[in-house]
Amino acid sequence: MAGRRFVVEADGGSRGNPGPAGYGAVVRDGDTGRIIAEAAEFIGHATNNVAEYKGLIAGLKAARDLDPDASVDVRMDSKLVVEQMSGRWKIKHPDMQPLAAEARTVLPRGQVKYTWIPRERNKDADRLANEAMDAGKAGRQWEPKAPKAAAAVVEEPPLETAAPKAGWAGDADLGTPTTFVLLRHGETHLTPEKRFSGSGGTDPELSEKGRWQAERAAEALAARGSVQAVVASPMLRTRQTAETVAARFGLDVRYEDGLREVDFGAWEGLTFGEVQERHPEDLTAWLGSAKARPTGGGESFTTLTHRVGVARDKVLARYPGKTVLVVSHVSPIKTLVRLALGAPPDALYRMELSAASLCAVQYYADGNASVRLLNDTGHLR
């Protein structure tokens, strides 16, 4: 039986570097984002880097104790630790070498991957590290807070799985970026009527025009000759579009469930006007908040953002430095673009994304992203 998926966020700090030091780590459920374990400790006099490594080890051990077969995505704001543990930088400092070796023994290497995140996305681990240092200053060790009685169930993922904001990387050699060429599927019979068509509806196939659009996209991409892998949503219209393009390159299609369209609940198959007439209050709430769900138990954009972010990270880990064709739907593609831009959730409503259009995003080794193309339909003219 396959293990669970965890996200480990870890951090460490030293007041003086070296100085009084401590670490903190959290383990999140990989599907919901909910924190399911915490660890922190005051470690005495040490450097920031030593504290960061000890935080990493504690987070990995906490994940292992929950499920030794789990796949773990480690996210840290220490570029040094991420690059060293990913094998891209050598570990020269004698204090770091045994710590890195210990971290590698906690879980099998194939179960763990490392991702850099900006400090503002590592607040929980940073908070715990500071609590540990405060406890050490008071002459005691950190202790976890008592759980609140009848704690409420978190229904939405609490974290924004966004790519870090793009920026200049100075003179660092970041290597070849990973490029996502984002292709929206061709038309179905619902597309010209502008009807809600998500993952909770009838899963329509491509129309005759949609098949023609897929062929034109395949021709345009083949002319560029740059696609090295194809990943797609498992829905019928995206499968048909992806297989048309993949055949031109002699590639197989890998399907990723996180790239499927949002579930529109009771709105599936309806036009915007019909939803406005039948469910006006729900529609207003949905347009006003990324946490609101369509009528009838559909998905919120917050939930969509989480699963798309997880899918993005999986593809980046599998195809570093490659050009990957990602065949998906309006909402997931807009979400990938939004996250790359660091734009707010309501930016989804400010993008046009035509059937069989192309976008492109590049992701760099330091975690930065750059949008290179948006809604290109030149191949359809």
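Just to check your reading of the model, which residue among A223, A214 is within 18 Å of T377 (Cα to Cα), free of Cβ contacts under 8 Å to residues at least 24 places away in the same chain and in the same structural domain as V310 (by TED's automatic domain parsing)?
Unique residue meeting the criteria: A223.
Got a sec? Which of Y53, Y114 is closer than 30 Å to R140 by Cβ, of a type in the set (F, W, Y) and surrounded by 17 or more Cβ atoms within 10 Å (Cβ to Cβ)? Full working, then the answer.
Working: Y114 fails: closer than 30 Å to R140 by Cβ.
Answer to the selection: Y53.
Quick test for you: out of A163, A152, A125, pick the one residue that is of a type in the set (G, A, S), modelled with pLDDT of 90 or more and closer than 26 Å to R4 by Cα.
Values: A163 fails: modelled with pLDDT of 90 or more; A152 fails: modelled with pLDDT of 90 or more.
The conditions single out A125.
Within the stretch 115-146, how many residues are under 17 Å from A51 (Cβ atoms) and in contact with a helix residue (DSSP H, G or I) (Cβ under 8 Å, 6 or more places away or on another chain)?
Within the stretch 115-146, the first condition is being under 17 Å from A51 (Cβ atoms), and the residues that meet it are 119, 122-137, 141-142.
From what is left, the residues that are in contact with a helix residue (DSSP H, G or I) (Cβ under 8 Å, 6 or more places away or on another chain) are 119, 125-126, 129, 141-142.
Of the residues in that region, 6 qualify.
To keep it simple, each residue is scored yes or no on (1) farther than 26 Å from E205 by Cβ; (2) in contact (Cβ under 8 Å) with a residue 40 or more places away in the chain.
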{"position": "Q276", "(1), (2)": "yes, no"}
{"position": "L316", "(1), (2)": "yes, yes"}
{"position": "V326", "(1), (2)": "no, yes"}
{"position": "A340", "(1), (2)": "yes, yes"}
{"position": "P345", "(1), (2)": "yes, yes"}
{"position": "V361", "(1), (2)": "yes, yes"}
{"position": "D366", "(1), (2)": "yes, yes"}
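Among the residues that make up the stretch 281-290, is at least one of them assigned by TED's automatic domain parsing to the domain that holds V326, charged (D, E, K, R) and outside any helix (DSSP H, G or I)?
Kept after step one, since they are assigned by TED's automatic domain parsing to the domain that holds V326, are these residues of the stretch 281-290: 281-290.
Next cut, charged (D, E, K, R) only: 281-282.
Going one step further and asking which of them are outside any helix (DSSP H, G or I), we end up with none.
No: zero hits.
So if I check each of D77, D65, which one is without any contact (Cβ under 8 Å) to a residue 60 or more places away in the chain and acidic (D, E)?
Values: D77 fails: without any contact (Cβ under 8 Å) to a residue 60 or more places away in the chain.
Only one candidate passes the filter, namely D65.
Restricting to the stretch 121-145, and then to whatever is closer than 30 Å to L339 by Cα and of a type in the set (K, R), can you tell me which residue is surrounded by the most Cβ atoms within 10 Å (Cβ to Cβ)? Walk me through how you get there before you give the answer.
From the stretch 121-145, those closer than 30 Å to L339 by Cα are 121-130; that's our starting set.
Checking the rest, the ones that are also of a type in the set (K, R) come to 121, 123, 127.
Numbers: R121: 19, K123: 14, R127: 15.
Per the criteria, the residue is R121.
Going by the structure shown, is A58 modelled with pLDDT of 95 or more and in a helix (DSSP H, G or I)?
Numbers: modelled with pLDDT of 95 or more: yes; in a helix (DSSP H, G or I): yes.
Here the answer is yes, as A58 does meet what is asked.
Checking G321 against (1) under 28 Å from D73 (Cα atoms); (2) of a type in the set (G, A, S); (3) not in a loop (DSSP other than H, G, I, E, B), which test does it fail?
For G321, the exception is condition (3).
Which members of the stretch 65-86 meet the condition of being at pLDDT 90 or above and out of contact with any strand residue (DSSP E or B) (no Cβ under 6 Å at 6 or more places or on another chain)? Step through it out loud before you land on a result.
Step one: list which residues in the stretch 65-86 are at pLDDT 90 or above, which gives 71-86.
Result: D77, S78, L80, V81, E83, Q84.
I'd like the residue in the stretch 274-320 that is basic (K, R) and buried (at least 20 other Cβ atoms within 10 Å of the Cβ) and, out of all such residues, is nearest to A340 (Cα to Cα).
Going residue by residue through the stretch 274-320, those that are basic (K, R) are 278, 291, 293, 307, 312, 314, 318.
Cutting the leftovers down to buried (at least 20 other Cβ atoms within 10 Å of the Cβ) gives us 293, 307, 312.
Working: R293: 24, R307: 15, R312: 11 Å.
Ranking the qualifying residues of the stretch 274-320, first place goes to R312.
Can you tell me which residue in the stretch 330-381 is modelled with the lowest pLDDT, limited to those that are hydrophobic (A, V, I, L, M, F, W, C) and assigned to a loop (DSSP other than H, G, I, E, B)?
A365
Conditions: (1) in a strand (DSSP E or B); (2) surrounded by fewer than 17 Cβ atoms within 10 Å (Cβ to Cβ); (3) charged (D, E, K, R). K90 meets all but one. Number of the miss?
With respect to (1) in a strand (DSSP E or B); (2) surrounded by fewer than 17 Cβ atoms within 10 Å (Cβ to Cβ); (3) charged (D, E, K, R), K90 is out only on (1).
Looking at A214, A229, A218, A242, which one is of a type outside the set (V, I, T), farther than 30 Å from K291 by Cβ and out of contact with any Leu (no Cβ under 8 Å at 6 or more places or on another chain)? I'd like the intermediate steps shown before the answer.
Working: A214 fails: out of contact with any Leu (no Cβ under 8 Å at 6 or more places or on another chain); A229 fails: out of contact with any Leu (no Cβ under 8 Å at 6 or more places or on another chain); A242 fails: out of contact with any Leu (no Cβ under 8 Å at 6 or more places or on another chain).
Just a single option satisfies the conditions, and that option is A218.
Check the stretch 34-45 and report whether any residue there is within 17 Å of the chain's Cα centre (by Cα) and either on the phi > 0 side of the Ramachandran plot or not in a loop (DSSP other than H, G, I, E, B) (or both). Steps first, please.
Here is the first cut: in the stretch 34-45, the ones within 17 Å of the chain's Cα centre (by Cα) are 34-35.
Filter again for either on the phi > 0 side of the Ramachandran plot or not in a loop (DSSP other than H, G, I, E, B) (or both), leaving 35.
Within the stretch 34-45, one or more residues are within 17 Å of the chain's Cα centre (by Cα) and either on the phi > 0 side of the Ramachandran plot or not in a loop (DSSP other than H, G, I, E, B) (or both).
Out of the stretch 250-273, which residues are under 19 Å from M235 (Cα atoms) and loosely packed, with under 13 Cβ neighbours inside 10 Å?
Those that are under 19 Å from M235 (Cα atoms) and loosely packed, with under 13 Cβ neighbours inside 10 Å: D252, D257.
Restricting to the stretch 62-80, and then to whatever is assigned to a helix (DSSP H, G or I) and not aliphatic (A, V, I, L, M), can you tell me which residue is surrounded by the most Cβ atoms within 10 Å (Cβ to Cβ)? Reasoning before the result, please.
Step one: of the stretch 62-80, the residues assigned to a helix (DSSP H, G or I) are 62-66, 79-80.
Cutting the leftovers down to not aliphatic (A, V, I, L, M) gives us 64-65, 79.
Working: R64: 17, D65: 11, K79: 14.
Here the residue is R64.
Write out, first by first residue and then by second, each pair whose Cβ atoms fall under 7 Å of each other, whose residues are 6+ apart or on separate chains, and whose first residue, in the stretch 122-133, is under 10 Å from E38 (Cβ atoms) while the second is part of a helix (DSSP H, G or I).
Pairs that qualify, where the first residue is under 10 Å from E38 (Cβ atoms) and the partner is part of a helix (DSSP H, G or I), are A125/G55.
Checking the structure you have, find out if any residue of the stretch 104-111 is farther than 20 Å from D366 by Cβ, under 22 Å from the mean Cα position of the chain (by Cα) and exposed (fewer than 15 other Cβ atoms within 10 Å of the Cβ).
yes
For K314, only one of the following conditions fails: (1) touching a strand residue (DSSP E or B) at 6+ places or on another chain (Cβ under 6 Å); (2) in a helix (DSSP H, G or I); (3) at pLDDT below 95. What is its number?
Going through the list (1) touching a strand residue (DSSP E or B) at 6+ places or on another chain (Cβ under 6 Å); (2) in a helix (DSSP H, G or I); (3) at pLDDT below 95, K314 breaks only (1).
Please count how many residues of the stretch 173-205 are of a type outside the set (D, E) and over 28 Å from K322 (Cα atoms).
Narrowing the stretch 173-205 to residues of a type outside the set (D, E): 174-186, 188-192, 194-202, 204.
When the remaining residues are screened for being over 28 Å from K322 (Cα atoms), the result is 188-192, 194-202, 204.
Of the residues in the stretch 173-205, 15 are of a type outside the set (D, E) and over 28 Å from K322 (Cα atoms).
The values are calculated or read from the model by the stated rules, or taken from the named source; none is laboratory data. The shown structure was predicted, so the numbers you read here are calculated from the model rather than taken from an experiment. Here Cβ is always computed from backbone atoms with ideal geometry, including for glycine, and neighbour counts include all displayed protein chains.
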